[in-house]
There are 2 protein chains.
Amino acid sequence: MIETLLARIEARDPLADRERDALVDAFDSPTLVGSGRVFIRQGQRLDRSTLLLSGLVGRFKDLSRGERQISALHIPGDFVDLHSFSLKALDHNVVALAPCMVAAIPHTRLENLTREHPHLTRLLWFLTNVDAAMHREWELSLGRRDAVARIAHLFCELRARLEIVGLVDEGGYTLPLSQAALAECTGLTPVHVNRTLKQLRERDLVEFRQKWVCIKDFQGLQQVAEFDPAYLYLRPECQ
Amino acid sequence: MIETLLARIEARDPLADRERDALVDAFDSPTLVGSGRVFIRQGQRLDRSTLLLSGLVGRFKDLSRGERQISALHIPGDFVDLHSFSLKALDHNVVALAPCMVAAIPHTRLENLTREHPHLTRLLWFLTNVDAAMHREWELSLGRRDAVARIAHLFCELRARLEIVGLVDEGGYTLPLSQAALAECTGLTPVHVNRTLKQLRERDLVEFRQKWVCIKDFQGLQQVAEFDPAYLYLRPECQ
DNA sequence: CGAACCCTTGAAATAAGTCAACCTACGTGG
DNA sequence: CCACGTAGGTTGACTTATTTCAAGGGTTCG
């Protein structure tokens with residue numbers, strides 16, 4: 001499943017064989033993280049970065065009242081904390097929202113990669129920049145979209161991201177999130193998420209039931225969300 | 001004023017003379033950008049990155065109704081779009097919120113730097129990662145803090161950032177933002193920003209008048225905002 | 001079978017938005 | 001030097017989106 005990562009990188013810019021090999025060889029063997037486990041804690045010093053192979057991961061911060069804000073979701077093929085390579089201690093927590101397979105790459109090996117493979121380094125850097133672009137789109141959602149558009153936008157984003165890793169079937173996809181977790185992504189309360197999902201259902205745009213997102217009218221959904229996938233940098237058009 | 005950038009980088013990790021020289025030499029000579037000018041447009045292909053020497057810059061996205069969300073503010077010593085080096089076309093606009101001096105570094109020269117100076121490259125990468133950390137904190141604000149805490153937090157963040165570049169006097173600082181622009185940062189309406197500022201004033205926490213932020217009670221303000229500067233990575237404690 | 005968790009819905013409360021008026025400061029041009 | 005226009009700040013009254021509180025219903029799993 002490291003192939004997913006390679007495919008993503010190479011969609012941007014092809015790798016030389018030696019770059020590809022160096023990257024693949026740098027990973028430790030995969031391990032399992034149980035659902036619900038907060039496997040990286042804010043402030044904790046890290047010496048490796050984690051690639052998600054399967055499952056779903058969330059990064060979150062919280063306030064003293066206990067309210068959580070999920071700042072990013074990660075799907076298979078995503079680095080969950082490539083930025084910990086330069087930050088060392090993270091400003092947020094990382095939780096497995098479903099059972100996850102992950103593979104770690106020690107920072108010492110990443111450092112070797114940066115020394116020997118500047119082109120590969122730029123592509124890893126690119127990945128963290130795409131991450132930041134998603135944060136910006138979420139800021140726009142949280143700051144300016146209403147509840148319906150916010151949730152619609154999230155469903156569109158996930159569809160676009162999951163599609164390129166082959167995890168979209170019949171226009172729908174598995175999303176192992178509770179409504180409470182959806183609320184933590186969108187800055188809403190669980191109750192309001194529930195009512196908003198009802199609206200989206202009644203408007204025949206999407207249904208979300210039993211961890212399955214069934215998109216009824218993708219175009220309509222995009223329109224409501226004002227979704228434009230450019231910020232995901234999935235196409236190599238502008239390298 | 002490139003010294004500010006160097007100081008920031010070296011607060012994290014000292015540079016060798018040749019790294020410092022290579023970086024400094026890569027910049028073109030400074031130019032002026034007029035206040036209010038949107039000097040980088042979403043989607044536009046870029047071939048250089050911009051360092052802010054003086055003034056104030058905002059990065060924003062907007063929705064069709066014309067509502068803007070500012071996703072980041074930049075102060076002197078910040079790269080405004082170092083991420084354009086790998087993204088090439090940006091997902092957001094960049095506006096000068098005050099008259100600004102900027103210095104550009106062409107991407108071709110950045111590419112040379114990455115080839116010859118892996119350690120410097122990691123530090124530039126670090127800068128973009130700090131940028132992303134600020135986005136995450138803003139997501140937390142937009143998603144979970146109420147209006148008072150949101151504005152208080154922004155004032156705390158700017159104080160912390162401006163302090164290390166020597167732009168805080170007597171506990172206060174210049175902030176050339178209108179209330180409308182503040183609203184664009186915080187996801188609020190201008191009217192509500194106005195009322196919220198009044199509250200902060202009445203609670204003797206901060207005053208914001210005539211582009212001057214006068215912090216009356218920094219501790220109280222931090223408390224209201226739940227501000228913890230760790231996410232700014234200003235101290236080298238965890239390298 | 002029961003417990004835990006999650007989803008659903010209603011009614012009431014509240015934070016923030018909207019609309020509109022008025023005020024102030026500032027700069028420009030007559 | 002005043003007159004005017006513009007942009008930004010302030011306030012009030014009213015509306016609305018979202019939250020809160022609370023209760024009830026459905027699933028799943030040990």
* Asked: Would it be correct to say that B:Arg201 is over 30 Å from A:Ser141 (Cβ atoms) and either away from chain A (no Cβ under 13 Å) or touching a residue at least 24 places away in the same chain (Cβ under 8 Å) (or both)?
  -> yes
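Residues checked against (1) of a type in the set (D, E, K, R); (2) within 14 Å of chain A (Cβ to nearest Cβ); (3) away from DNA strand C (no atom under 16 Å from the Cβ); (4) under 25 Å from A:Gly187 (Cα atoms):
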| site | (1), (2), (3), (4) |
| --- | --- |
| B:Gly166 | no, no, yes, no |
| B:Asp169 | yes, no, yes, no |
| B:Tyr173 | no, no, yes, no |
| B:Pro176 | no, no, no, no |
| B:Thr196 | no, no, no, yes |
| B:Gln210 | no, no, no, no |
| B:Ile215 | no, no, yes, no |
| B:Val224 | no, yes, no, yes |
* Residue in segment A:186-202 that is open to solvent by less than 40 Å² (accessible area, probe 1.4 Å) and more than 14 Å from DNA strand D (Cβ to nearest atom) present -> no
* Output the number of residues of segment B:149-176 satisfying the condition of being within 14 Å of DNA strand D (Cβ to nearest atom) and not charged (D, E, K, R). => 5
* Asked: Would you call B:Arg150 open to solvent by 10 Å² or more (accessible area, probe 1.4 Å) and either at the interface with chain A (Cβ under 9 Å from one of its Cβ atoms) or in contact with a strand residue (DSSP E or B) (Cβ under 9 Å, 6 or more places away or on another chain) (or both)?
  -> no
* To do: Enumerate the strands (runs of 3 or more DSSP E) found wholly within segment B:46-141, keeping only those where 3 or more residues are facing chain A (nearest Cβ under 7 Å), at pLDDT below 95 and over 30 Å from A:Leu63 (Cα atoms).
  => none
* Structure fact -> Of the candidates B:Leu53, B:Leu90, B:Leu113, B:Leu82, the one satisfying the condition of being crowded, with 22+ Cβ neighbours inside 10 Å and of a type in the set (A, V, I, L, M) is B:Leu90
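If only one of B:Val213, B:Val206 is over 20 Å from the mean Cα position of the chain (by Cα), free of Cβ contacts under 8 Å to residues at least 60 places away in the same chain and either open to solvent by less than 40 Å² (accessible area, probe 1.4 Å) or in the same structural domain as B:Pro76 (by TED's automatic domain parsing) (or both), which one is it?
B:Val206
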* Asked: For segment A:29-45, which residues satisfy the criterion of being more than 14 Å from chain B (Cβ to nearest Cβ), open to solvent by 40 Å² or more (accessible area, probe 1.4 Å) and in a strand (DSSP E or B)?
  -> A:Thr31, A:Leu32
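Does segment A:180-194 hold any residues that are under 22 Å from A:Gly220 (Cβ atoms) and near DNA strand C (Cβ under 9 Å from one of its atoms), and which are they?
A:Leu182, A:His192, A:Val193, A:Asn194
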* Structure fact -> Note on segment B:57-71: residues open to solvent by less than 10 Å² (accessible area, probe 1.4 Å) and touching a residue at least 60 places away in the same chain (Cβ under 8 Å) are B:Gly58, B:Phe60, B:Gln69, B:Ile70, B:Ser71
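The values are calculated or read from the model by the stated rules, or taken from the named source; none is laboratory data. The model shown is predicted, which means the values in this text are computed figures rather than measured ones. Neighbour counts are summed over all protein chains in view; Cβ atoms, including those assigned to glycine, are modelled from backbone coordinates with ideal geometry. Just so you know, the surface numbers come from the protein's heavy atoms only, side chains and all, with ligands and any DNA or RNA stripped out. Shrake-Rupley method; radii C 1.70, N 1.55, O 1.52, S 1.80 Å.
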